[in-house]
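Q: Let me give you the structure first, and then I'll get to my questions.
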Amino acid sequence: MKKDSESLTALFHKALNNDKLTVKAEKLKDASMACVMTLSEEGRRMQEMMKMYGMSGMDFGTPDETLVLNLTHPLVQYVLAHAEDESVTKYCEQLYDLAALAHGTLSPDRMSKFITRSNEIMMEIAK
């Protein structure tokens, strides 16, 4: 489990080009969740304040985010098993953005990339 966690951390740091992101891999109670994003109390309060002042669309890239990956989820297992595949970067970005969306909105640029990537993934499935 520790080896998988280290591999996933390195993979997500490379795919997201973000070495400051904390990545954890563990077995979550909810097997249907591939990943979740946790924020420190300070980060959560900052997000609430930004929403209150109508600045919720702004992305300040909170450095205190932690991406928690569910080791038992098939998508996380796929990413781990296909680490050398070039499409894995796309899946890492998609998982990260899905976890971020659960906490609020993405910046306009990130949302645009998310929609484009979602369409690409759906086209791959449709083939």
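The values are calculated or read from the model by the stated rules, or taken from the named source; none is laboratory data. Everything numeric in this text was worked out from a predicted model, so none of it was measured. Don't worry about glycine lacking a Cβ; one is built from the backbone with ideal geometry, like all the others, and counts go over all protein chains shown.
Q: Has the range 108-127 got any residue that is surrounded by 12 or more Cβ atoms within 10 Å (Cβ to Cβ), among the polar types (S, T, N, Q) and either in a loop (DSSP other than H, G, I, E, B) or modelled with pLDDT under 80 (or both)?
A: Looking through the range 108-127, none of the residues is surrounded by 12 or more Cβ atoms within 10 Å (Cβ to Cβ), among the polar types (S, T, N, Q) and either in a loop (DSSP other than H, G, I, E, B) or modelled with pLDDT under 80 (or both).
Q: Follow-up question, since we're still on this one. I'd like the full set of residues that are among the small types (G, A, S) and touching a Leu at 6+ places or on another chain (Cβ under 9 Å), limited to the range 71-111. Write out each step before concluding.
A: Our first condition is that a residue be among the small types (G, A, S); within the range 71-111, this holds for 81, 83, 87, 99-100, 102, 104, 107.
Scanning the range 71-111 gives A83, A99, A100.
Q: Now a separate question. Return the pair list, or none, for Cβ contacts closer than 8 Å from residues in the range 11-39 that are in contact (Cβ under 8 Å) with a residue 24 or more places away in the chain and surrounded by 12 or more Cβ atoms within 10 Å (Cβ to Cβ) to residues that are among the hydroxyl-bearing types (S, T, Y) and in a loop (DSSP other than H, G, I, E, B), at least 6 apart or on different chains.
A: From residues that are in contact (Cβ under 8 Å) with a residue 24 or more places away in the chain and surrounded by 12 or more Cβ atoms within 10 Å (Cβ to Cβ), the pairs are L28/T72; L39/T62.
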